[in-house]
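A short worksheet on the structure shown next.
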Amino acid sequence: MLGFSFTPAQPPDTVAAVDLGSNSFHLIVARVVDGQVQIIDRVREMVRLAAGLDETKLIADDAQERAIACLERFGQRLSDMPRGSVRAVGTNTLRAARNGEQFRRRAQAALGHPIEVIAGREEARLIYLGVAQGLQADDERRLVVDIGGGSTELIVGEGFKTVMRESVHMGCVSTSVKRFSNGEITARDMSRAILDARLELRPIQQAYLNSGWHLAIGSSGSIKSIGSICREAGLSEDGSITLEAMHTIRNHLVEAGHVDKINLPGLSDERRPVFAGGFAVLMGVFEAIGVQRMQVSKEALREGLLYDLLGRIRHEDARERTVNAIAKRFSVDVGQAERVARTAQSHLDRVGTEWGLDPVGDRDILRWAATLHELGLAVSHTQYHKHGGYLLAHADLSGFSRQDQRVLAALVRGHRRKFPLEAFEALPEPLQESARRLCLLLRLAVVLHRERSDRDDVEYALSVEDNKLRLSFPEGWLDERPLTAADLKQEASRVKAAGYRLKFK
């Protein structure tokens, strides 16, 4: 079910990342040699997906066709790469679009590899991870800013760890469409665009002013373009961006009066239509957060994707750390969680092939759901499965795509009592059946460990045929456990409502 699985004994020696940004799509391919990452290919295409988002939050057909054509070209480059060696993510436009899921399925078919949609704060984490790879390994506190087509991410971090991360709804495309849609650049429109940015930042402004960062770093196309202008126009020797240089560029834009008349060294023709919007966003950041000088990073989201994928391959999965941190924070009963997880994974090992489940990706999500299935007890014992599902659906889960997070929340929500068909019907259609089946395996594990003791471990047979499950216990075992027998009988009635039959003897 999950999109990124691999065989641990045979990790890929070539990996790739695809960033479906709101302005441009990026492909990066790397070889892993002696544990070191060597970039061997980069492809970037300006797609402007966000510009195709209309007032009804639908991605227009022409924008979709541009994107699909681009991904077909990317797909040709990635056609020989095995499952699990490519990670592709969609960002703000796919988060916002009402037809984002339909487009994602088309895009996935064109690329030939799974595509996730990630939340804004997860995008921020990955951006910081990418930028941090290109910096010296020290504990200096940094502010990282990334301006995309439809969102801007701001992160404060030390080393490879984030301290604060936010994603705000403004970007070079959305700001250009809102304030410079006819191409004209007036002093009034520029001031309004900068004010828009400052207003968007206002709820987080004080926290970032007080965060104690010492070095500001910018990534993304807009900031790279401003850095190139600063270097080639002699506004800075090293391509860093100063507040004084920003004022100089602002004056030039207003004097030009139109995007077609912008004549700045270092500005590409393809960047020109959205440059004024990206500039206004960065000026708003400078003014709101008190930035005087900003270095420019070559690394960004796609490099972060690569290193995060490599972390998963090397069993340094951010999702694992997130689940363990949540379990600790909410004082989950570790012993019970381990018992349920062990049994649930045993169920998957026995019937996964017949049910078409992923032996790696689905095994992970099942283990994490088992680890957190009693999370809601920290709120209330009454309907704690609902509390747990709600917390996981709305929490900030580092490392998880929105799709994976929804599946995890549905499994925890559905691990006991009435089978919540609506929770699974709300998932993307291709995931619904596998998620329901994982939930059934989890529910059985929970029933079998109601005693909360290692003494209820027993060898039993489990088999499936289509939507039928059969359990066979040793002679006399259920007679000695009437509560378990009653639970199984009740469980058979509950899963019948989901279209499954449970038989036991």
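The values are calculated or read from the model by the stated rules, or taken from the named source; none is laboratory data. Bear in mind the structure is a predicted one, so any value in this text is a computation, not a measurement. In this analysis, Cβ positions are derived from the backbone assuming ideal geometry, glycine residues included, and neighbour counts consider all displayed protein chains.
For the stretch 102-116, enumerate the residues that are part of a helix (DSSP H, G or I) and more than 11 Å from Ile68 (Cα to Cα). Walk me through it before giving the result.
From the stretch 102-116, those part of a helix (DSSP H, G or I) are 102-111; that's our starting set.
Scanning the stretch 102-116 gives a single hit, Gln102.
Scan the stretch 168-194 for residues that are among the hydroxyl-bearing types (Ser, Thr, Tyr) and crowded, with 23+ Cβ neighbours inside 10 Å and report the count. Give the derivation first.
If we filter the stretch 168-194 for residues that are among the hydroxyl-bearing types (Ser, Thr, Tyr), which is where we start, we get 174-176, 181, 186, 191.
Checking which are crowded, with 23+ Cβ neighbours inside 10 Å leaves us with 174-176.
Within the stretch 168-194, residues that are among the hydroxyl-bearing types (Ser, Thr, Tyr) and crowded, with 23+ Cβ neighbours inside 10 Å number 3.
Looking at the stretch 1-54, what strands (runs of 3 or more DSSP E) fall wholly within it and have at least 1 residues that are modelled with pLDDT under 90? First the steps, then the outcome.
Numbers: elements: 14-20, 24-33, 36-46.
Counting at least 1 such residues, we get 24-33, 36-46.
Looking only at the stretch 178-219, how many residues end up being closer than 30 Å to Gly304 by Cα and touching a Leu at 6+ places or on another chain (Cβ under 9 Å)?
So the answer is 12.
Looking at the stretch 188-224, which of the residues that are free of Cβ contacts under 8 Å to residues at least 60 places away in the same chain and not polar (S, T, N, Q) is nearest to Val163 (Cα to Cα)?
Here is the first cut: in the stretch 188-224, the residues free of Cβ contacts under 8 Å to residues at least 60 places away in the same chain are 188-189, 191-192, 199, 203-204, 206-207, 210.
If we keep only those that are not polar (S, T, N, Q) too, we end up with 188-189, 192, 199, 203-204, 207.
Working: Arg188: 36, Asp189: 35, Arg192: 31, Leu199: 23, Pro203: 17, Ile204: 14, Ala207: 11 Å.
Within the stretch 188-224, the match that is nearest to Val163 (Cα to Cα) is Ala207.
Within the stretch 360-372, identify whether any single residue is assigned by TED's automatic domain parsing to the domain that holds Ala410, touching a Pro at 6+ places or on another chain (Cβ under 9 Å) and of a type in the set (Ser, Thr, Tyr), and answer yes or no. Outline the logic, then answer.
So in the stretch 360-372, the residues assigned by TED's automatic domain parsing to the domain that holds Ala410 come out as 360-372.
Filter once more, so that each one left must be touching a Pro at 6+ places or on another chain (Cβ under 9 Å): 360.
Filter once more, keeping what is of a type in the set (Ser, Thr, Tyr): none.
No, that holds for no residue.
It is to be established whether one or more residues within the stretch 444-452 are over 26 Å from the mean Cα position of the chain (by Cα), under 26 Å from Arg312 (Cβ atoms), part of a helix (DSSP H, G or I) and not basic (Lys, Arg).
Residues of the stretch 444-452 over 26 Å from the mean Cα position of the chain (by Cα): 444-452.
Restricting the remaining residues to those that are under 26 Å from Arg312 (Cβ atoms) gives 445.
Then drop every residue that is not part of a helix (DSSP H, G or I), which leaves 445.
Of the ones still in play, those that are also not basic (Lys, Arg) are 445.
Within the stretch 444-452 (the criterion being over 26 Å from the mean Cα position of the chain (by Cα), under 26 Å from Arg312 (Cβ atoms), part of a helix (DSSP H, G or I) and not basic (Lys, Arg)), the answer is yes, since at least one residue qualifies.
Please go through the stretch 452-463 and pick out each residue that is within 24 Å of Glu433 (Cα to Cα) and either assigned by TED's automatic domain parsing to the domain that holds Ala423 or not polar (S, T, N, Q) (or both). Break it down stepwise before answering.
To start, the set of residues in the stretch 452-463 that are within 24 Å of Glu433 (Cα to Cα) comprises 461-463.
Within the stretch 452-463, Ala461, Leu462 meet the criteria.
Among what's in the stretch 48-58 and is crowded, with 23+ Cβ neighbours inside 10 Å and under 12 Å from Phe103 (Cβ atoms), pick the residue that is nearest to the chain's Cα centre (by Cα).
Taking the candidates together, the pick is Leu49.
Return the total of residues in the stretch 457-489 being within 23 Å of Gly414 (Cα to Cα) and more than 38 Å from the chain's Cα centre (by Cα).
5
Where in the stretch 172-236 are there helices (runs of 4 or more DSSP H), lying fully within it, with 1 or more residues that are over 21 Å from Gly149 (Cα atoms)? Full working, then the answer.
Numbers: elements: 172-179, 187-209, 221-232.
Ranges flagged: 187-209, 221-232.
Suppose we filter Arg416, Arg437 for residues that are touching a strand residue (DSSP E or B) at 6+ places or on another chain (Cβ under 9 Å), modelled with pLDDT of 95 or more and either farther than 15 Å from His373 by Cα or part of a loop (DSSP other than H, G, I, E, B) (or both); which single one remains?
Being touching a strand residue (DSSP E or B) at 6+ places or on another chain (Cβ under 9 Å), modelled with pLDDT of 95 or more and either farther than 15 Å from His373 by Cα or part of a loop (DSSP other than H, G, I, E, B) (or both) holds for just one of Arg416, Arg437, which is Arg437.
For every residue, the table says whether it meets (1) touching a residue at least 40 places away in the same chain (Cβ under 8 Å); (2) of a type in the set (Asp, Glu); (3) under 21 Å from Arg83 (Cβ atoms).
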residue	(1), (2), (3)
Ile313	yes, no, yes
Glu316	no, yes, yes
Ala327	yes, no, no
Asp333	yes, yes, no
Arg339	yes, no, no
Ala344	yes, no, no
Asp349	no, yes, yes
Thr353	no, no, yes
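Arg83 fails exactly one of the following numbered conditions: (1) assigned to a helix (DSSP H, G or I); (2) in contact (Cβ under 8 Å) with a residue 40 or more places away in the chain; (3) within 21 Å of the chain's Cα centre (by Cα). What is the number of that condition?
That leaves (1) as the condition not met.
Limited to the stretch 122-150, what total is found for residues that are assigned to a loop (DSSP other than H, G, I, E, B), farther than 16 Å from Val296 by Cα and out of contact with any Lys or Arg (no Cβ under 8 Å at 6 or more places or on another chain)? It would help to see each step written out before you state the result.
Residues of the stretch 122-150 that are assigned to a loop (DSSP other than H, G, I, E, B), as a first pass: 134-140, 148-150.
Of the ones still in play, those that are also farther than 16 Å from Val296 by Cα are 137-140, 149-150.
In the following step, the residues that additionally are out of contact with any Lys or Arg (no Cβ under 8 Å at 6 or more places or on another chain) were identified as 137-140, 150.
Result for the stretch 122-150: 5.
Can you confirm whether Phe330 is more than 30 Å from His449 (Cα to Cα) and aromatic (Phe, Trp, Tyr)? Reasoning before the result, please.
Details: more than 30 Å from His449 (Cα to Cα): no; aromatic (Phe, Trp, Tyr): yes.
Answer is no for this residue.
For residues that are within 19 Å of Lys418 (Cα to Cα) and of a type in the set (A, V, I, L, M), scanning just the stretch 367-390, find the one that is surrounded by the fewest Cβ atoms within 10 Å (Cβ to Cβ).
Taking the stretch 367-390 first, the residues within 19 Å of Lys418 (Cα to Cα) are 369-370, 372-377, 380-390.
Filter once more, so that each one left must be of a type in the set (A, V, I, L, M): 369-370, 372, 375, 377.
Working: Ala369: 32, Ala370: 27, Leu372: 26, Leu375: 27, Leu377: 16.
Filtering first and then ranking leaves Leu377.
Report, by residue number, each residue of the stretch 490-505 that is part of a helix (DSSP H, G or I) and touching a residue at least 12 places away in the same chain (Cβ under 8 Å).
Matches in the stretch 490-505: Glu491, Ala492, Arg494, Val495.
Quick one: which of Leu411, Leu392 is among the aliphatic types (A, V, I, L, M) and touching a Cys at 6+ places or on another chain (Cβ under 7 Å)? Explain how you work it out, then say what you get.
Details: Leu392 fails: touching a Cys at 6+ places or on another chain (Cβ under 7 Å).
Criteria check complete, one pass: Leu411.
Condition check ((1) at pLDDT below 95; (2) outside the structural domain of Ile365 (by TED's automatic domain parsing); (3) in contact with a strand residue (DSSP E or B) (Cβ under 6 Å, 6 or more places away or on another chain)) across all residues:
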position: Leu442; (1), (2), (3): no, no, no
position: Ala445; (1), (2), (3): no, no, no
position: His449; (1), (2), (3): yes, no, no
position: Arg470; (1), (2), (3): no, yes, yes
position: Asp479; (1), (2), (3): yes, yes, no
position: Lys496; (1), (2), (3): yes, yes, no
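Do you know which residues across the stretch 464-484 are closer than 25 Å to Arg437 by Cα, not hydrophobic (A, V, I, L, M, F, W, C) and not in a loop (DSSP other than H, G, I, E, B)?
Of everything in the stretch 464-484, those that are closer than 25 Å to Arg437 by Cα, not hydrophobic (A, V, I, L, M, F, W, C) and not in a loop (DSSP other than H, G, I, E, B) turn out to be Glu465, Lys468, Arg470, Ser472, Thr484.
Does at least one position in the stretch 89-99 carry a residue that is in contact (Cβ under 8 Å) with a residue 12 or more places away in the chain, farther than 27 Å from Val360 by Cβ, surrounded by 20 or more Cβ atoms within 10 Å (Cβ to Cβ) and more than 17 Å from the chain's Cα centre (by Cα)?
no
Residues that are under 19 Å from the mean Cα position of the chain (by Cα), at least 3 per element: which helices (runs of 4 or more DSSP H) completely within the stretch 292-387 meet that?
Details: elements: 301-313, 318-329, 334-355, 361-371.
So the answer is 301-313, 318-329, 361-371.
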